[in-house]
């Protein structure tokens, strides 16, 4: 039998490895290798500068802004939120920063994203008519979205996105120092009034809300967004009651000033 035939026979018998010339004791104790020195700890990014979460960096950027213009620049330069990468434009506050009333809407929609202004498009035109019905003008108020960027496809913002972006809104409220808030939309009401701020339970009454970075609470009135009223005409009666309450309150504030 030649060598090739002998090798084939061993493969057929199940031999799958070559044997050494000397037998190997596979039960012998394996000597423990000597301990190696542990590697030196790696420096943090930025030569010892600690890392911060996106929410912490947003809070730092917002707190450092001493004016509304500086706040807008801080938001425009902030890179810690992925919404910035998918949005067409930054949607920042618009109107009179000295107004006693700040309107806060839900996250920007497609029209807001295209124009870079809050409450744009048909919903914005509907809001203008709502305000005009009680003698208010958009230009004499301050309007802001809940977030500065539109979520893709108008999906609801995630909890993480809200946590990152809210310091900018809180700082806007602290800098503008309005006397009252009008929360225009279910998401705005839930976010700023907390889990207990169900608009259906608290609708028709002013509620005190705490704003981080601002001393004392602030009266807020939750109401329906223009988009909601356009979809659900049955809610317009309740929204009209909210608007009349807003008008009466503003008149009382002016009389007591």
Candidate set from segment 110-123 (those that are outside any loop (DSSP other than H, G, I, E, B) and touching a helix residue (DSSP H, G or I) at 6+ places or on another chain (Cβ under 6 Å)); member that is surrounded by the most Cβ atoms within 10 Å (Cβ to Cβ): 123
Residues of segment 184-212 satisfying the condition of being surrounded by fewer than 20 Cβ atoms within 10 Å (Cβ to Cβ), part of a loop (DSSP other than H, G, I, E, B) and either within 16 Å of the chain's Cα centre (by Cα) or at pLDDT 90 or above (or both): 194, 205, 206, 211, 212
Residues (in a helix (DSSP H, G or I), free of Cβ contacts under 8 Å to residues at least 40 places away in the same chain and either surrounded by 15 or more Cβ atoms within 10 Å (Cβ to Cβ) or touching a helix residue (DSSP H, G or I) at 6+ places or on another chain (Cβ under 8 Å) (or both)) located in segment 213-257: 235, 236, 238, 242
Flag if residue 107 is surrounded by 15 or more Cβ atoms within 10 Å (Cβ to Cβ) and either under 20 Å from the mean Cα position of the chain (by Cα) or at pLDDT 95 or above (or both): yes
Among the residues listed as 181, 172, 162, the single one being modelled with pLDDT of 95 or more and not in a helix (DSSP H, G or I): 181
Among the residues listed as 143, 102, 147, the single one being within 18 Å of residue 188 (Cβ to Cβ), out of contact with any strand residue (DSSP E or B) (no Cβ under 6 Å at 6 or more places or on another chain), at pLDDT 95 or above and surrounded by 20 or more Cβ atoms within 10 Å (Cβ to Cβ): 147
Selection count where residues are over 22 Å from residue 212 (Cβ atoms), crowded, with 16+ Cβ neighbours inside 10 Å and touching a helix residue (DSSP H, G or I) at 6+ places or on another chain (Cβ under 6 Å), scope segment 60-88: 1
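The values are calculated or read from the model by the stated rules, or taken from the named source; none is laboratory data. For clarity, every value in this text was computed on a predicted model and none was experimentally measured. Don't worry about glycine lacking a Cβ; one is built from the backbone with ideal geometry, like all the others, and counts go over all protein chains shown.
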